[in-house]
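The values are calculated or read from the model by the stated rules, or taken from the named source; none is laboratory data. Note that this is a predicted model, so its numbers are computed, not measured. Reconstructed Cβ throughout: ideal geometry from the backbone, glycine too, with neighbour counts over all protein chains shown. Heads up: the accessible areas ignore ligands, DNA and RNA and are worked out on the full protein's heavy atoms, side chains in. Shrake-Rupley method; radii C 1.70, N 1.55, O 1.52, S 1.80 Å.
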Amino acid sequence: QTLRLRLVAEIARDAASARDITELLERGAQLIHDRFNYYQTGIFLLDSNREFAVLTASPTEAGRRMIANGHKLRIGEVGIVGRVAASGESRITMDTGLDAIHFNNPLLPNTRSEMALPLKVENRTIGILDIQSDQPQAFNDEDIAIMQVLADQLAIAIERTRLLQQVQENLRELQQAYGRSTRESWK
């Protein structure tokens with residue numbers, strides 16, 4: 001458990017050093033996938049209308065294909081990710097063959113267990129960390145607790161990066177407005 005907590009801390013630190021949201025999400029998904037050796041790792045973000053969870057980062061070939069195809073799941077309706085997006089509560093499926101709400105993705109035929117964790121900022125769900133294993137019964141309560149710590153750190157890093165990008169955009173707009181005002185004054 002100590003080793004896994006150390007891995008979580010390293011992943012959170014490494015992902016948080018990203019300069020933009022795309023880099024943060026891609027780096028975070030890759031690090032989780034590599035360090036924990038999962039079959040599939042994906043990070044979904046909720047769209048602005050809060051209708052869909054959109055797959056935004058995944059380091060696997062199947063994940064990249066899904067992103068290229070605009071993979072999204074309707075919140076509250078489709079699969080474990082959609083349910084977690086609606087409820088804001090973590091969910092584990094120990095045997096996907098027996099779970100009625102599991103979304104059977106043809107690009108991920110070997111999924112046997114799935115864990116979906118909300119990415120939350122101030123009790124507001126902004127996304128989902130989805131982890132899949134090719135082994136049944138792959139996750140336990142300890143795994144949930146450790147990965148939820150990682151999901152919480154990832155959510156904070158996402159929000160921080162979004163806010164930083166927004167501040168930078170506002171600064172650019174102010175500089176442009178100031179430049180226009182200065183040019184007008186000189187005229």
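In the calculated pair-distance distribution of the range 129-187, the portion above 15 angstrom amounts to 70 percent of the Cα-Cα pairs. Per-residue ellipticity at 222 nm from helix content only, as computed over the chain with -39500 (n - 2.57) for each DSSP H run of at least four residues, stands at -17000 deg cm²/dmol. Only the Cβ atoms of Lys and Arg (+1) and of Asp and Glu (-1) were treated as charged; on that basis the dipole of the range 87-169 about its Cα centre amounts to roughly 280 debye.
Estimated at 0.36 nm per residue, the fully extended path between Asn37 and Arg124 surpasses their Cα-Cα distance by 28.4 nm.
Compared with the alpha-carbon gap, the fully stretched path from Arg64 to Thr22 is longer by 13.8 nm at 0.36 nm per residue. Taking θ as phi - 60° and the Karplus parameters 6.51, -1.76 and 1.60, the scalar couplings of the range 120-135 work out to 10, 10, 6, 6, 10, 6, 10, x, 9, 9, 10, 10, 10, 10, 8, 10 Hz in sequence order, x denoting glycine and proline. Considering only the Cα atoms of the range 66-180, their convex hull presents on average a projected area of 9.2 nm². Apolar share of the accessible surface for the range 87-187: 51 percent from carbon plus sulfur atoms, 1.4 Å probe.
Applying both filters, DSSP loop and at most 12 other Cβ atoms within 10 Å, to the GluC sites (Glu not before Pro) of the range 3-112 gives Glu89. Mind putting together the pair-distance distribution for the range 21-83? All Cα pairs, 10 Å bins, whole percent per bin, short to long. Using 10 Å bins, I get a P(r) of 24, 52, 24, 1 for the range 21-83. This model, with +1 at the C-beta of Lys and Arg and -1 at the C-beta of Asp and Glu, gives the chain a dipole about its Cα centre of some 720 debye.
Of Thr111, Ile144, Leu163, which is farthest along the charge dipole of the chain in the positive direction, counting Lys and Arg as +1 and Asp and Glu as -1 at C-beta? Final value for the positive-end residue is Leu163.
Per residue, the accessible area of the range 1-144 comes to 50 Å², computed with a 1.4 Å probe over protein heavy atoms only. For the chain, the relative contact order is 20 percent, taking Cα pairs closer than 8 Å that sit 6 or more residues apart in sequence and dividing their mean separation by the residue count.
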